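Single-structure report; data block below.
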Amino acid sequence: RWLYVAAPANARILRLDMDAGSAGERLRVQEPGTTYKTWNDTIWEVFLEGSSAGFAKVSGLEFVGDILVVSDNTSGEIIAFDQEGDEVDRYATGLAEGALMGMAIRSETELWFTDAEEDKVYRLAAVE
């Protein structure tokens, strides 16, 4: 099991092996009713490098089945990758640099994304 993490400052998508490592020392409580601990011997790896995968600043990521869908804040594109990190699709939203922010995928045929410049939300849906 992997946890995928966007690292926009480094133009990367990382992943953490959720079954590796062990709980370490307890840390200071930040919020009432919570517990914080260090985690030792974790396994992190770079899943995608933006320079080779064709993105510059990840602004969102979602899974649809086994497909990882990534939004790129710089290019305004939404890009889909398979589990090996190979690109399977790319959609140009036409948004300006810095406008594409969050996205949500409701199903294999419906994707929503936001335009921070124009304060709009767009819906993409498959046409039957």
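The values are calculated or read from the model by the stated rules, or taken from the named source; none is laboratory data. Bear in mind the structure is a predicted one, so any value in this text is a computation, not a measurement. Each accessible area value is taken on the protein alone, full model and side chains, heavy atoms only, with ligands, DNA and RNA left out. Shrake-Rupley method; radii C 1.70, N 1.55, O 1.52, S 1.80 Å.
This structure gives semi-axes √(5λ) of the Cα gyration tensor in Å, computed directly, and of (1) 30, 18, 15; (2) 22, 19, 13; (3) 32, 17, 13 that value is listed as (1). Taking a ≥ b ≥ c as the square roots of the Cα gyration tensor eigenvalues, with a/c under 1.5 meaning rounded and otherwise prolate when a/b beats b/c, else oblate, which class fits the range 1-63? Judged from the Cα gyration tensor, the range 1-63 comes out prolate (a/c at least 1.5, a/b above b/c). Taking V121, V58 and ordering them by how much accessible surface each has at a 1.4 Å probe, largest first, produces V121, V58.
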